[in-house]
Amino acid sequence: MAITVSQIDAWRAARSEHQNLEFKEAKAQFDNRKLYRYCVALANEGGGHLLLGIEDHPPRRVVGTAAFNDPIDMAAKLFQALGFRVDIEEVAHPDGRVLVFAIPSRPRGTAFNFEGSYLMRAGEELVPMSEDRLRAIFAEGQPDWLSQPAMTDCDDDKVVQVLDTQSYFDLLHLPYPANRTGVLERIQHEKLIVRQGQGWTITNLGGLLFAKRLDAFDRLARKAARVIVYEGRNKLKTKTDKPGTKGYAVGFQGLVEFINGLVPSNEVIEQALRREVKMFPEIAVRELVANALIHQDFNESGSSVMIEIYEDRMEISNPGKPFIPTDRFIDEYQSRNERLADVMRRLGICEEKGSGVDKVIQAAEVFQLPAPDFRVGDRRTSAVLFAHQTLDGMDRNDRIRACYQHCCLRYVMNEKMTNQSLRERFQLPEGKVASVSQIIATTVDAGKIKLADPTQTSTRYRSYVPFWT
C-alpha cells in the first residue's frame, strides 16, 4: 500500500516519537550502520517506521533527503545485513523527498541483533536490551508464569475454600451467582482456574489475586508484599516487618490502609486551626504500590515487592528492571504482565494506560514534596517518596529532578513549563524569578529539558519541553 503525503503529515503531527516511529533529518546522507541499528531496534519493539528527510523535533519540518538514491539496492543491503526484509518507499512531499522505511516486527519468541547487540529504543537512544526483557521475549509462546499452576487437583469445595470468590464479584460490582456452578464458570472464564480432568487447577494469576491466604500456596507465599518500618534513616533498627497474607486484589485496600497507618503525620496550621497531614499523599502511595505489584518480574525467585518506611522517605520496590528508562515513566507505558494489569484495571485497582506516575508527580507537587526518584538496581526497580523539604534544603540533583518532572507533567497535560509555572510548583514569590531561572538553566545543561522555541530571545516568554520531544 502506497504511503501518501497525508500519512506523512499525520505522523509528523504525533506528539512525540515513540518505539514505533522515528524521524531523521538526513538531508545529504545517512550512515548505513546507523540505519541497520535503528531497523533492528524498531523491529524488536514490534515494528514501525523510520522517516528520513524530516526534522526530529517539532514542528518536524520536511527538509527533504538525498540519502539512498537507489532504494531497491539499499533494501537488498538491509536484507543481507539483517536477515529480514525492510520495505523502502519514496514519497514526493511538496516540501521535499521523504524516504520511509517500513520495518516489520520481530517473530514471536525471537529478538533481532546487529553485530551481537540486541537493541531497543530508550528515548532518542538505542540501547542493549536488558536481561529480563530478553528472557521475556525468548519465553514468548510458552506458558507464562501467571498461567502456570499454583494448586492442582482441587474440587469445587477446595476452590471456594482457598479463593475469595465473593471479593471477585464485589470488586467488579457484579451480583454473586445463585449457585456454585455459576461462580466457577465465571472465574474459569477469567482464567483464574482451569479444568484439568475431574478437578480444577488454580493458576498463579488466580491465587496471586484472590488467595484468602497466600501461604496456602507453596509457590506464592514469597510473592506477598512486605512492609518494613525502620527507626531513623537507615536499616540498622527495624520497628515493624510484616508480610502480606492475602491475594493482591482482595488485600490491596487493606495493604494501602496499613501502610498509611504507619506513615508519620505532620501538624500544620491553617487559619489558626491545627490538623494532621500524612507525610506522603495516599494517592501516591496507592499508585506506586499498584505499579510495583503489576510490573514485578515473577521469574525472580526469593524476592517480592517491598515497602520500606524511613524517618525521611518511603521506598517502594519490585523485583526486575523496567522495560523503559525511568526518565520516560511519565509519558510511556509498557506492561511486563499484561494479563495481571488488565484484571487489576477492571477491578479498579490501577489504570492500565500509564497515568499512575503522572498522579504521583502531581501529588508530590501539591503536597510540596521533593520530586520522587525512580532508581534501577541490579535486580530491582525502586520508587522513592521524600518527606517535605524546602527548596533551600534540596541539593542540585533534587532540583533538576523536580524541574524535569514538572516539565514532563506540563507536557503530558498539553502545556509548557515556564519560569512562572515552576515558581508555582515550589510556591515561590515573583521575587525568586532569578533563583528559578538558575534551576531551569541547570536542568537545561543537564540535558533534561530544552527550549520549546529556540528562536525565542525574550527570557520573559521562554517555555520549555522535555528533552525527548
message = If I take R0 = 22 Å and measure r between the Cβ atoms of Asp156 and Gln253 in this structure, what FRET efficiency does the formula 1/(1 + (r/R0)^6) give, to the nearest 0.05?
response = 0.20
key: Fraction in percent of alpha-carbon pairs per bin - 5 Å, the stretch 224-386   = 1, 8, 17, 22, 22, 15, 8, 3, 1, 1, 0
Qualifying lysines (Cα of each under 21 Å from Cα of Lys24; at least 8 residues distant if same chain) = Lys34, Lys77, Lys448, Lys450
task = Work out, in µm²/s and without decimals, the Stokes-Einstein translational diffusion coefficient of the stretch 369-436 at 37 °C, 0.692 mPa s, Rh from Kirkwood over C-alpha pairs.
result = 250
request  = Would you tally the net charge around Gly109, using a Cβ to Cβ cut-off of less than 15 Å, leaving Gly109 out, and scoring K and R as +1, D and E as -1?
outcome  = +2
request  = Sticking to Cα atoms, compute the Rg of the stretch 143-199 to one decimal and its Dmax as the biggest Cα-Cα distance, whole number, in Å.
outcome  = 11.6, 33
ask   = Between the stretch 163-182 and the stretch 10-42, how many Å separate their Cα centres?
value = 50
query = Among Thr201, Thr4, what is the fewest-to-most ranking by other Cβ atoms within 10 Å?
reply = Thr4, Thr201
ask   = Which lysines, on any chain, are close to Lys237 with Cα under 25 Å apart, when same-chain ones fewer than 8 places away are left out?
value = Lys223, Lys278
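By the gyration tensor of its Cα atoms, with a ≥ b ≥ c the square roots of the eigenvalues, what is the shape of the stretch 12-98: rounded for a/c under 1.5, prolate for a/b over b/c, or oblate?
oblate
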request  = Take the alpha carbon gyration tensor of the stretch 323-413, find the square roots of its eigenvalues, order them as a ≥ b ≥ c, and report rounded if a/c is under 1.5; if not, report prolate when a/b exceeds b/c, else oblate.
outcome  = prolate
task = First select every other residue whose beta carbon is under 14 angstrom from the beta carbon of Gly377; then total the charges, Lys and Arg +1, Asp and Glu -1.
result = -4
message = Just to be sure I understand: of the beta bridges DSSP finds with both ends in the chain, what percent are antiparallel, rounded to 5?
response = 90
ask   = Share of Cα-Cα pairs in the chain beyond 42 Å, in percent?
value = 28
note = Along the dipole axis of the stretch 324-447 (charges at Cβ: +1 for Lys and Arg, -1 for Asp and Glu; origin at the Cα centre), the most positive-end residue among Gly393, Thr326, Ser382 is Ser382
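Kirkwood-based Rg over Rh for the stretch 32-174 (C-alpha set), two decimals?
Values: Rg = 23.0 Å, Rh = 18.7 Å.
Rg/Rh: 1.23.
Read the figures in this text as sums done on the coordinates, not as results from a lab. The model shown is predicted, which means the values in this text are computed figures rather than measured ones. We place every Cβ from the backbone using ideal geometry, glycine too, and count neighbours over all the protein chains shown.
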